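Everything on this sheet refers to the single structure shown next.
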Amino acid sequence: MKRSLRGRALAASLGGLVVLSGLVGLAPRAAVAADKQLQRSREQLRETRERIRARMHKMRVLQRELNDLATEISLNESKVLEASDRIDELEGQIVVLERHAMRLQGQLDERNREAFILGPGAPVLYLLTATSAAEAASRLSILSEMNRRDAVLAAKVGRADERLSRGRAEMVRMQRARELALQHLAMARAELRDKLAESRKLFADLQDRQHQILYEISRIRPFGVCPVAGPHAIADDFGIWVHHPKDEGGDHIHQGNDISAATGTPIVAPFDGVAVASPNHIGGMAVKVFGDFGYVYNAHLSRYGKLGPVSKGDVIGYVGSTGNAGGPHDHFEWHPGGGAAVDPHAFLLQVC
């Protein structure tokens, strides 16, 4: 009988050892799997960073092109304005020149009409009808002066016509220059619109990539600092069954980790976000911090700290034992994506 009992005990012991060795064997395999997943995530992050760097370089090149286009547009607009001002000035000058040329031409036409009416023999007759040599000389002098004045008038008409032609030619050149500048301006603006659209798309893609990499980081390391800024002890108690009377919340599964610390120890925001007071019967004085990729819940505070927009490390409260607490501690929960709570223990050990 004793031998039988000893055999059974030995078999039970061996069976226990086999089960234990199986469990021990599972732990390394789980750790290896976790390490592989972490390694894959890190490789994905490196690839994403490379893509972001490439897109940022492309955006910098594109930005220089946009700056050059903006400068070209500004210069063309200046050319258009300058040409328009010169055209307006030339139009005014041409109006004055046309009036002056018309007046001179009218005078010349009047002299031509008088000469036509008198006929080609009038000057000779005028000289021959002189009664003396002195009068003939005087009349010759008058005819010479009239001829000189006619020549001067004709020269003035010629110069006025020449100035008018130059003014009109310059106005045509300025109109062509303005038209060319307007064409360049239209092309530069169209190119600017296209490049701005490309820049907006690149920027949106870059933001998406940035959000993606931040999300990947939040999966691997969601907290930037330890939520309890002082001596503490972190219990690995997520998911345990908690027994309490109904007036104390009843039996429930523990949704976080209890971080024990002295009353009054600061509790800080683990990431940038918005801190909101969330008091309740079970958690007592509590505060949530909503970030880009989820929120954390801290319960049993002794008093509140900073609420509203907060940065990583801002004091949002202090350790206490309000609500359903057996002693001073921070009941800490992590809700990625605003969903159900997940075990934060591994993440806490990274920063605490």
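The values are calculated or read from the model by the stated rules, or taken from the named source; none is laboratory data. Computed from a predicted model, the values in this text were never measured in an experiment. Note that each Cβ is placed from the backbone with ideal geometry, even for glycine, and that neighbours are counted across all protein chains shown. Ligands, DNA and RNA are excluded from the accessible area calculation, which covers all protein heavy atoms including side chains. Shrake-Rupley method; radii C 1.70, N 1.55, O 1.52, S 1.80 Å.
Scanning the range 193-244 for residues that are under 22 Å from Ala262 (Cα atoms), out of contact with any helix residue (DSSP H, G or I) (no Cβ under 9 Å at 6 or more places or on another chain) and surrounded by fewer than 16 Cβ atoms within 10 Å (Cβ to Cβ) turns up Gly230, Pro231, Ala233. Is the range 322-329 home to any residue that is open to solvent by 30 Å² or more (accessible area, probe 1.4 Å), of a type outside the set (A, V, I, L, M) and within 34 Å of the chain's Cα centre (by Cα)? So far as the range 322-329 goes, no, none of its residues is open to solvent by 30 Å² or more (accessible area, probe 1.4 Å), of a type outside the set (A, V, I, L, M) and within 34 Å of the chain's Cα centre (by Cα).
Taking the conditions (1) under 20 Å from Asn324 (Cβ atoms); (2) in contact with a helix residue (DSSP H, G or I) (Cβ under 6 Å, 6 or more places away or on another chain) in turn, Ala188 satisfies each one other than (1). Residues in the range 138-163 that are in contact (Cβ under 8 Å) with a residue 12 or more places away in the chain and of a type outside the set (Asp, Glu): Arg139, Leu140, Leu143, Leu153, Ala154, Lys156, Val157, Ala160, Arg163. Of the numbered criteria (1) of a type in the set (A, V, I, L, M, F, W, C); (2) open to solvent by 40 Å² or more (accessible area, probe 1.4 Å); (3) within 19 Å of Ser218 (Cβ to Cβ), the one Phe332 fails is (2).
Just one residue in the set Gly313, Gly317, Gly308 is surrounded by 22 or more Cβ atoms within 10 Å (Cβ to Cβ), modelled with pLDDT of 95 or more and farther than 20 Å from Gly239 by Cβ; that residue is Gly317.
Consider the range 65-101. How many of its residues are among the charged types (D, E, K, R) and farther than 15 Å from Ala188 by Cβ? If you could, list the steps in order and put the result at the bottom.
Quick first cut of the range 65-101, residues among the charged types (D, E, K, R) only: 65, 68, 72, 77, 79, 82, 85-86, 88-89, 91, 98-99.
Going one step further and asking which of them are farther than 15 Å from Ala188 by Cβ, we end up with 82, 85-86, 88-89, 91, 98-99.
Residues that pass the stated criteria total 8.
Residues that are loosely packed, with under 14 Cβ neighbours inside 10 Å and either at pLDDT below 75 or closer than 29 Å to Ala169 by Cβ (or both) within the range 103-114 comprise Arg103, Gly106, Asp109, Asn112, Glu114, listed in sequence order.
Of a type in the set (S, T, N, Q) and under 35 Å from the mean Cα position of the chain (by Cα) - does that describe any residue in the range 300-314?
If we filter the range 300-314 for residues that are of a type in the set (S, T, N, Q), which is where we start, we get 302, 311.
Now narrow it down to the ones that are under 35 Å from the mean Cα position of the chain (by Cα): 311.
Scanning the range 300-314, I find at least one residue that is of a type in the set (S, T, N, Q) and under 35 Å from the mean Cα position of the chain (by Cα), so the answer is yes.
Note on the range 142-170: residues that are small (Gly, Ala, Ser) and closer than 18 Å to Leu108 by Cα amount to 6. When Lys288, Lys246, Lys312 are screened for being out of contact with any Phe, Trp or Tyr (no Cβ under 9 Å at 6 or more places or on another chain), of a type in the set (Lys, Arg) and either under 20 Å from His345 (Cα atoms) or free of Cβ contacts under 8 Å to residues at least 60 places away in the same chain (or both), only Lys246 passes. Determine whether Arg166 is outside any strand (DSSP E or B), basic (Lys, Arg) and without any contact (Cβ under 8 Å) to a residue 60 or more places away in the chain. In short, yes.
Somewhere in the range 261-268, is a residue of a type outside the set (Asp, Glu) and open to solvent by 60 Å² or more (accessible area, probe 1.4 Å)? Give the derivation first.
We begin by selecting, within the range 261-268, every residue of a type outside the set (Asp, Glu); these are 261-268.
Cutting the leftovers down to open to solvent by 60 Å² or more (accessible area, probe 1.4 Å) gives us 262-263.
Among the residues of the range 261-268, at least one is of a type outside the set (Asp, Glu) and open to solvent by 60 Å² or more (accessible area, probe 1.4 Å), which makes the answer yes.
Does any residue of the range 269-287 turn out to be modelled with pLDDT of 95 or more, β-branched (Val, Ile, Thr), over 19 Å from Phe223 (Cβ atoms) and surrounded by fewer than 19 Cβ atoms within 10 Å (Cβ to Cβ)? The answer is no, given that none of the residues of the range 269-287 is modelled with pLDDT of 95 or more, β-branched (Val, Ile, Thr), over 19 Å from Phe223 (Cβ atoms) and surrounded by fewer than 19 Cβ atoms within 10 Å (Cβ to Cβ).
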